[in-house]
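Read the figures in this text as sums done on the coordinates, not as results from a lab. Given the structure is predicted, the values throughout are model-derived calculations rather than measurements. Because the Cβ atoms are built from the backbone with ideal geometry, glycine has one as well, and the counts that use them run over all protein chains shown.
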Amino acid sequence: MALKIRDAASCRLDLLSLGECMVRLSPPGHGRIEFADTLEVWVGGGEYNVAYALCRLGLRGGWAGAVVDNPVGQIILNHAAAAGLDTSHVAVLPYDGVGRDARIGLNFTEVGTGMRPSVTLYDRGHSATSKMDPASVDWKQVFHTEGVRWLHTGGIFTCLSDTTRQIAPQALKAAHESGTIVSYDLNFRSKLWSSDEAIATTKPLIPYIDCLIGNEEDFQKVLGYEVAGADENLNELPIESYQSMVRRVAEDYPNLKAIGTTLREVINATENNWSAILYWAETDTFYTGPQFKRMIIEDRVGGGDGFASGFVYGLLTDDGGNNPQRCVDLGTAHGALLQSTRGDTSQISLDLLNHIAGGGSARIIR
């Protein structure tokens, strides 16, 4: 049975993402941060990236979060506007001239190569989105009056602060009650909270979620499910054991309709094996996306968000998942393509996505 997605004509947005957006500063090419005399400016954030990508693919995307009223905040708003991303539910906080009260979070990212891994250094304390309060967004207005077909959020937003941990259940509950489909990317970040905090906060949210996204570490650290046979560093993952774990999650939370995960094997920073799996609960069936062997990586940041956005795009344009194989193919291909470009957000067109998801080659297009 396909997901019962609200009719497009009755909703102002196809998808709304709830989360933080930061400004990323990176040395050109594969340079090191400590030796940089030039830094490239990029925009991105886990949940934001999904809404931005769906706008690139032709859907009506929106982002709910917060920025400060200064030129760095305007970088983000300009970036969103360029793709047609709706920001009417973004809280604009006053700037105190220093950033003691609220600021735009930064991350410094160097893109690895060969045996040298990519590195991200956070500078996101007191960020605007972490300062949101439960009154920042009128969720009844968003979901009941305006209408949204799909809400996407995840663990990065939820872990930011005490107030975002209050906002997340309010948003998920309001979306669920209005008939809006909810997806949640577990996205564990050990620098932002502990596993115990993540489990205690996330488990009560699962009853409001339709589609769950996460890798083996996410399910372990955020929901407390172990994958039998996985080594301590999760370098090797027995697929059968992972599938058994997913079935346990689905049995414990029968409201979940789909569970998706990316499969990444790191050969080196420049070459990865890449694929993804989608579990469709109603038929107790696993669908596997295309296998991209020794995929050349330009910039791996945002690959998981690329999977999520391609997967959600498939469900929104396929009457809620009448063809789950197409959905996982789109998600896998979009995640792969996103890693072929610099920056966190998608530069992928719908034509290119369909070409690669359909098995198209990398031969030159003339």
Of the residues THR283, THR109, THR341, which exhibits the maximal mean-square fluctuation in a Gaussian network model of the chain defined by a 10 Å Cα contact cut-off?
THR283
Given the DSSP H assignment, sum -39500 (n - 2.57) over each helix run of at least 4 residues in the chain and divide by its residue total; what's the result at 222 nm in deg cm²/dmol, nearest 500?
-9000 deg cm²/dmol
With a 21 Å threshold on alpha-carbon distance, the violating pairs from LYS140/LYS221; LYS173/LYS257; LYS173/LYS221 are LYS140/LYS221; LYS173/LYS221
Cross-link reach from LYS203 to aspartates and glutamates, straight Cα distance under 17 Å and at least 8 residues apart if same chain, gives ASP162, ASP185, GLU216, GLU217, ASP218, GLU226, GLU251, ASP252
Pick out which of HIS355, HIS176, HIS334 has the largest mean-square fluctuation in a Gaussian network model of the chain, springs linking Cα atoms closer than 10 Å.
HIS355
Which GluC sites (Glu not before Pro) from the range 262-311 combine a DSSP loop assignment with at most 14 other Cβ atoms within 10 Å?
GLU298
Among ALA36, GLN170, PHE307 the positive-end extreme of the charge dipole of the range 8-357 (Cβ point charges):
ALA36
Pick out the long, greasy-scoring helices in the chain: whole DSSP H runs spanning 15 Å or more along their own axis by Cα, mean Kyte-Doolittle at least 0.5.
71-82, 303-316
The alpha-carbon center of the range 87-109 and that of the range 115-144 are separated, in whole Å, by 10 Å
Pull up all non-local amide H partners of GLU40: gap of 5 or more, or a different chain, and H-to-H distance under 5 Å with H placed in the peptide plane.
SER26
Student exercise, the range 8-357 dipole from Lys, Arg, Asp, Glu Cβ charges, in Debye to nearest 20
420 debye
Using a Gaussian network model on the chain with a 10 Å cutoff between Cα atoms, which of LYS293, LYS221, LYS257 fluctuates the most?
LYS293
Sorted by chain and then number, the residues having a modelled amide H within less than 5 Å of the amide H of ARG116, at least 5 places away or on another chain, are ALA269
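Could you tell me which GluC sites (Glu not before Pro) in the range 23-102 are loop residues by DSSP with no more than 11 other beta carbons within 10 angstrom of their beta carbon?
Here no loop site has a sparse enough neighbourhood.
Rounded to the nearest 5, what % of DSSP beta bridges with both residues in the chain are antiparallel?
50 percent
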Computed P(r) (all Cα pairs; the chain; 20 Å bins; percent)
31, 62, 7
³J(HN,Hα) computed for each position of the range 358-366 - Karplus, 6.51 cos²θ - 1.76 cosθ + 1.60, integer Hz, glycine/proline x:
x, x, x, 8, 9, 4, 4, 9, 10
